[in-house]
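Contents: one structure, followed by commentary.
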Amino acid sequence: MRYSYAQGSVTGPVRSNNEDYLDVIKAGDQLIIGVADGLGGCPYGEIASRVAVDTALGFLKEELPCEDIEDKMDLAFNKANVAILKDCADEPEHIGMCSTLTVAVLSGLEIHIGHYGDCRAYLVSDNELIRLTSDHNLAETLLREGKITEEEAKVHAGRSNLIKCLGENMYIRPDLNTYNAKYGDCVILATDGMYSLFDEDTVRDILNGRDDLDALVDLLMVRGASDDSKDNSTVAVIRFDSGDEEDGV
């Protein structure tokens, strides 16, 4: 199994620094992707997001390949959470820093997703952009309860009110799910600053752009740097290539 991928991150016109962090690493024949967004308004969000991704992916790289991927994913998230809490204990000025975290492990044509917070994972398959994660924020909660509509949720102030993030509690329970893909499908991991720009035109560009991932990410970075952007924008796009492909990883 081979994968091709491209990634990008831009601070955007509103923020003074980039609190997003993303990494992609190999573990045997498996690919691990992690994205995190340090909480705006809290101290040292850029440190929290890096600690979250580095800790989770570093642990998974040591443990994979294995059969119990979801169990390892749960451990990885809790180790990342503890690492943030420990950093706050060691560096008192860091107290209060928190982060979201979404991780994908690609194993053959299986997609294993761990998720905590409001970054998102999507599957691009045929002519659909399929969302694989649920946002852990107030707006999504109100939507699930039927108190607001999907259109209202897109602009609701509760989008920035997280109900789950790393660095608040000693033990966490991330969402863990497994999905199947096919050759030519893509997985997208994105922070909220990025996917909030996924209007109809951008979705069409994503569906049409899977053959040139670098060009697709460049296009998304232009959106992230535009005046429409209100946050940092970070994205990784990974394509499932057949084993006969000469490029990829």
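Side notes on the structure shown:
- Residue match in the range 45-64 (condition: surrounded by 21 or more Cβ atoms within 10 Å (Cβ to Cβ), hydroxyl-bearing (Ser, Thr, Tyr) and not in a loop (DSSP other than H, G, I, E, B)): yes
- Boolean, ASP37 is under 16 Å from THR191 (Cβ atoms), out of contact with any Phe, Trp or Tyr (no Cβ under 7 Å at 6 or more places or on another chain) and free of Cβ contacts under 8 Å to residues at least 60 places away in the same chain: no
- Qualifying residue in the range 123-138 (condition: surrounded by 15 or more Cβ atoms within 10 Å (Cβ to Cβ) and part of a helix (DSSP H, G or I)): yes
- The residues of the range 8-23 that are within 18 Å of ILE111 (Cα to Cα) and either modelled with pLDDT under 95 or buried (at least 20 other Cβ atoms within 10 Å of the Cβ) (or both) amount to a single one, LEU22.
- In the range 79-91, the residues that are free of Cβ contacts under 8 Å to residues at least 40 places away in the same chain form Cβ pairs under 7 Å with partners that are of a type in the set (Phe, Trp, Tyr), at six or more places apart or across chains, as follows: LYS79/PHE59.
- Listed by position, the helices (runs of 4 or more DSSP H) enclosed by the range 179-249 that each have at least 1 residues that are farther than 30 Å from LEU39 by Cβ and either among the aliphatic types (A, V, I, L, M) or over 18 Å from the mean Cα position of the chain (by Cα) (or both) are 200-208, 213-224.
The values are calculated or read from the model by the stated rules, or taken from the named source; none is laboratory data. Note that the structure is a prediction, hence the values are computed from the model and not measured. Using ideal geometry, Cβ is built from the backbone for each residue, glycine included, and neighbour counts are taken over all protein chains shown.
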